[in-house]
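Following: one structure in structure tokens, then a few remarks.
The values are calculated or read from the model by the stated rules, or taken from the named source; none is laboratory data. Since this is a predicted model, take the numbers as computed values, not measurements. We place every Cβ from the backbone using ideal geometry, glycine too, and count neighbours over all the protein chains shown. Ligands, DNA and RNA are excluded from the accessible area calculation, which covers all protein heavy atoms including side chains. Shrake-Rupley method; radii C 1.70, N 1.55, O 1.52, S 1.80 Å.
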Amino acid sequence: MSTTLPRRRTRQNRILWLLDRLEREPRADTVIDALRTGIRSLPLGRGRDALHGRWLGHPVHPLMVQVPIGSWLSAAVLDLLPGRSREADLLVGVGLAAAGPAALTGAVDWAELHHEQQRVGLVHALANTAAVGLYSASLVCRLKGRTAAGRTLGFLGLTVVGAGGMLGGHMAYRQAAGANHVEEVPHVVTEGWHRIGSVADFPAGQAVRRSVDDVPVLVVRESGGTIHALAERCSHLAGPLSEGAITDGCVECPWHGSVFRLSDGWNVRGPATAPQPAFDTRIVDGHVEVRLRRQDQDAHANGDEKDRPTNGT
């Protein structure tokens, strides 16, 4: 008697298949490029980094969208209850007022993404724009006393907001838009010092790429002999920092212009919202060795002073 179980055919999720098609669809790239140029040219100054969320340590857009979504969801709940139309009207208005700032934070982030992410993001923005239009019409109807029509438009708007939120989640969790792309470095690099080459292998003022435990490392030796080492892949979207410009003690990502301080990896300019993992350096017998700095800090917290962090000179 055979005990073999019947094989089940595994079908691809239809929604994921459509999203994958959307990521690869290039027909809107001309529009995307024009919008990206326009957003990048906005005279935001230092406010651009604030909109990216550099002060917060991660993108501020997910925080901002909680207000309109929460307001509209609450309005939908009140619309299901008798005698709560005025409160629901107020919440619809609050959501509309908060939608503009939320959209601005999303736009500045979207302008610094890959094309695959921007294609999904464009549809995400169109869905949210449609939702704003529906809620605007809903509010007009409510103010004119057409409560039933206002509620219907509100429920339609909430449905569209849900679709837009699904696309935003796809960007964040499937496409890693806004994620810290160097978060895994402390979990991959082993403890202790790692030899990465002789001093002669690192010409002064030039960016050199090395590898430690399969993690790319950017190494820069200053003209005075001080050696700096950072994780080489940009925390924003994993751009190759070893191909970026070295100026004023900083490195600029060649992909989207994030600037990091060589001495400690601090992100002095966005769109990156997370700093680069930094390495301590030393020179032993003419060879450069590096060690992940966070591990040294843990050792000092335990009173271990025998391997105090240094910059190799």
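Summary of values
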| item | result |
| --- | --- |
| Residue check for Pro254: over 17 Å from Val185 (Cβ atoms), of a type outside the set (Val, Ile, Thr) and touching a residue at least 40 places away in the same chain (Cβ under 8 Å) | no |
| Residue match in region 68-76 (condition: among the small types (Gly, Ala, Ser), at pLDDT below 95, assigned to a helix (DSSP H, G or I) and out of contact with any Asp or Glu (no Cβ under 6 Å at 6 or more places or on another chain)) | no |
| Selection from region 227-251 of residues that are open to solvent by 10 Å² or more (accessible area, probe 1.4 Å), free of Cβ contacts under 8 Å to residues at least 40 places away in the same chain and of a type in the set (A, V, I, L, M) | Ala245 |
| Residues satisfying the stated conditions in region 136-148, i.e. open to solvent by less than 60 Å² (accessible area, probe 1.4 Å) and in a helix (DSSP H, G or I) | Ser136, Ala137, Ser138, Leu139, Cys141, Arg142, Thr147 |
| Check on Glu87, in a helix (DSSP H, G or I), open to solvent by 30 Å² or more (accessible area, probe 1.4 Å) and over 23 Å from Ala34 (Cα atoms) | yes |
| Close pairs (8 angstrom Cβ cut-off, 6 or more residues apart or separate chains): part of a loop (DSSP other than H, G, I, E, B) in region 35-48, of a type in the set (D, E, K, R) anywhere | Leu42/Arg48 |
| Unique residue being modelled with pLDDT of 95 or more, buried (at least 20 other Cβ atoms within 10 Å of the Cβ) and basic (Lys, Arg) when the list is Arg195, Arg221 | Arg221 |
| Members of region 137-157 found to be out of contact with any Asp or Glu (no Cβ under 8 Å at 6 or more places or on another chain), under 17 Å from Leu81 (Cα atoms) and basic (Lys, Arg), listed by number | Arg146 |
| Selection count, region 16-50, where residues are over 15 Å from His115 (Cα atoms) and touching a His at 6+ places or on another chain (Cβ under 9 Å) | 1 |
| Complete set of residues in region 108-121 that are part of a helix (DSSP H, G or I) and crowded, with 19+ Cβ neighbours inside 10 Å | Val108, Asp109, Trp110, Gln117, Gln118, Arg119, Val120, Gly121 |
| Asp20 vs. criteria open to solvent by less than 40 Å² (accessible area, probe 1.4 Å), assigned to a helix (DSSP H, G or I) and at pLDDT below 95 | yes |
| Given (1) part of a loop (DSSP other than H, G, I, E, B); (2) without any contact (Cβ under 8 Å) to a residue 60 or more places away in the chain, number of the condition Ala125 does not satisfy | (1) |
| Failed item in (1) over 30 Å from Ala88 (Cα atoms); (2) open to solvent by 50 Å² or more (accessible area, probe 1.4 Å), with Arg151 passing the rest | (1) |
| Single condition Leu19 does not satisfy, out of (1) touching a residue at least 24 places away in the same chain (Cβ under 8 Å); (2) farther than 17 Å from Ala163 by Cβ; (3) hydrophobic (A, V, I, L, M, F, W, C) | (2) |
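Residues are listed down the side, and each one gets a yes or a no for (1) over 19 Å from Gly257 (Cβ atoms); (2) touching a Ser or Thr at 6+ places or on another chain (Cβ under 9 Å):
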site	(1), (2)
Arg11	yes, no
Leu22	yes, no
Pro26	yes, no
Leu63	yes, yes
Ala111	no, yes
Glu116	yes, no
